[in-house]
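Presented below is the structure to which this report refers.
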Amino acid sequence: MAMTRSKAVRIDQHGGLEELKLVDVEVGEPGPGEIRIRHKAVGLNFIDIYQRAGVYKLPMPLQLGMEASGVIEAVGEGVTHLKAGDRAAYASQPPGSYCEVRVMPAKCVCKLPDDISFDTGAAMMLKGLTVQYLLRRTQPQGGLQAGDHVLFHAAAGGVGLIACQWAKALGLQLIGTAGSDEKCALAREHGAAFTINYSKEDFVARVKEITGGRGVKVVYDSVGRDTFLKSLDCLRPFGLLANFGNASGKVEPLDIGLLAAKGSLYVSRPTLFTHLATRESTQAMADDLFAMVSSGKIDIRIDQRFALADVAEAHRSLEARKTTGCTILTL
C-alpha cells in the first residue's frame, strides 16, 4: 500500500499545552466509506481544548481537531458524493484534523462551493453547523418567530458572531453577552439587537429590562457552570435552556425541582454530532449553512491565523478567551 507522509499534531496523554507535539505520520489509502483529504486550512474550537485537557477523555495517542477544508485526494469503495479533486470541508468525528493529510469517514465531508474559500470553509463548519442546529432545530415550545427575544452567551466568539448574523436574518431579537465593551460592540456589528457586558452588568436584570419583565423564550449557553443557573432566571414560563458547552467548567448536577419552581422550564444538552449522524442530515444542514454564507447574510470572521507548528500559541489564546471570531491553522 502506498503511504503518504504528513505533519500532524498529537498528544500522548491529557494535559496542558506542553502535550501538543508536531510529529510525522504515515497516511495510507482510504477504505470503504472513507476519503483521503489534503488540508488547506484547519479550524480551532473550544472542544479541542476539552479533549486535550481531558474534560472529554479519549483514547491515546490522540490527533486533535474537528474541522478543516481541503482537496479530496482519493475515495474509498462506496463513496459516491465525492471524488478526487473536489474541494471539500467538514466537521467530523473522530478528531484528527490538525494535520496536512488524513484518511477519515466520508459521511460528514461535504463538497465546498466554489465561491467559499478554503479558509472560510475551515473556520465555519463546526461553528456554523452548531448555529444551524441551535437556531433551526433546538427550539422552545411553540418554536421561534420573528420578533422573539433569545439570549446567546459568548456572543463575540466564533459561534456567537455567526449566531448574531443568523438570528438577525431570521428576524430574532438576539441579546448577546460578552466580557468586554469591545466584544459587545463586535456582537452588535454582527447583528445582535442588544448586548450585555457581564463583567459590569447583571445579565439577568438586563434581560428582564430588555424584555419588559417577561424573559426570553430560549437561552443558548456554551459557557456552562458560571452562567447556567442565572440563565434559568432569564427564561419565561415554558422556556428552554440549551447548554451546548462548558467554557467555564462543567455544570453542577441540577435539582429538577428548580425547573418547576421557575415556570415549567425545559433544559437540553444537545451536541452537533447527534445531528450529523447521517449523510442526509449532514448535507441538509451544510446546504443551509452554505446558502447563508454564499448569500452574504453571514460573513465568517477569521480574526486569528496560526501556523500548524504554532498550535500551542493558538490554544493559549483560545483558552484565555483572548480571541474573537474564528481561529484557523494555515498549511
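Each reported figure results from applying straightforward, stated rules to the coordinates on display, with no laboratory input. Since the structure is predicted, the reported quantities are computational estimates derived from the model, not experimental observations. Cβ atoms come from the backbone with ideal geometry, glycine included; neighbour counts cover every protein chain shown.
Please go through segment 296-331 and give me each residue that is among the polar types (S, T, N, Q), in a strand (DSSP E or B) and touching a helix residue (DSSP H, G or I) at 6+ places or on another chain (Cβ under 7 Å), ordered by number. Outline the logic, then answer.
First, the residues of segment 296-331 that are among the polar types (S, T, N, Q): 304, 317, 323-324, 327, 330.
The next check asks that each one be in a strand (DSSP E or B); those that pass are 304, 327, 330.
Passing the criteria: Q304, T327.
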Any idea which residue in segment 259-286 is nearest to the chain's Cα centre (by Cα), counting only those that are outside any loop (DSSP other than H, G, I, E, B) and free of Cβ contacts under 8 Å to residues at least 24 places away in the same chain? T274
Are any residues in segment 10-64 under 27 Å from C110 (Cα atoms) and of a type in the set (V, I, T), and if so, which ones? V25, V27, I35, I37, V42, I47, I49
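Please find, among L58, L129, L82, the residue that is crowded, with 23+ Cβ neighbours inside 10 Å and among the aliphatic types (A, V, I, L, M). Don't jump to the end; show me each part of the working.
On the way: L58 fails: crowded, with 23+ Cβ neighbours inside 10 Å; L82 fails: crowded, with 23+ Cβ neighbours inside 10 Å.
Of L58, L129, L82, the one residue that is crowded, with 23+ Cβ neighbours inside 10 Å and among the aliphatic types (A, V, I, L, M) is L129.
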Select, from K40, K21, the only residue that is under 22 Å from L126 (Cβ atoms) and of a type in the set (K, R). K40
Testing Y198 on (1) buried (at least 24 other Cβ atoms within 10 Å of the Cβ); (2) under 21 Å from V267 (Cβ atoms), one condition comes back false. Which one is that? (1)
Taking segment 125-137 and the residues there that are of a type in the set (A, V, I, L, M) and more than 8 Å from the chain's Cα centre (by Cα), the one that is nearest to S92 (Cα to Cα) would be L134
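Is there a residue in segment 270-281 that is of a type outside the set (K, R), buried (at least 19 other Cβ atoms within 10 Å of the Cβ) and farther than 30 Å from L22 by Cα? If you could, list the steps in order and put the result at the bottom.
We begin by selecting, within segment 270-281, every residue of a type outside the set (K, R); these are 270-278, 280-281.
Remaining after also requiring buried (at least 19 other Cβ atoms within 10 Å of the Cβ): 272, 275-276.
Right, trim to farther than 30 Å from L22 by Cα and you get 275.
So far as segment 270-281 goes, yes, one or more of its residues are of a type outside the set (K, R), buried (at least 19 other Cβ atoms within 10 Å of the Cβ) and farther than 30 Å from L22 by Cα.
Rundown of residues vs (1) surrounded by fewer than 20 Cβ atoms within 10 Å (Cβ to Cβ); (2) hydrophobic (A, V, I, L, M, F, W, C), yes/no style:
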site	(1), (2)
P113	yes, no
G121	no, no
M125	no, yes
H149	no, no
C164	no, yes
L172	no, yes
T177	no, no
S180	yes, no
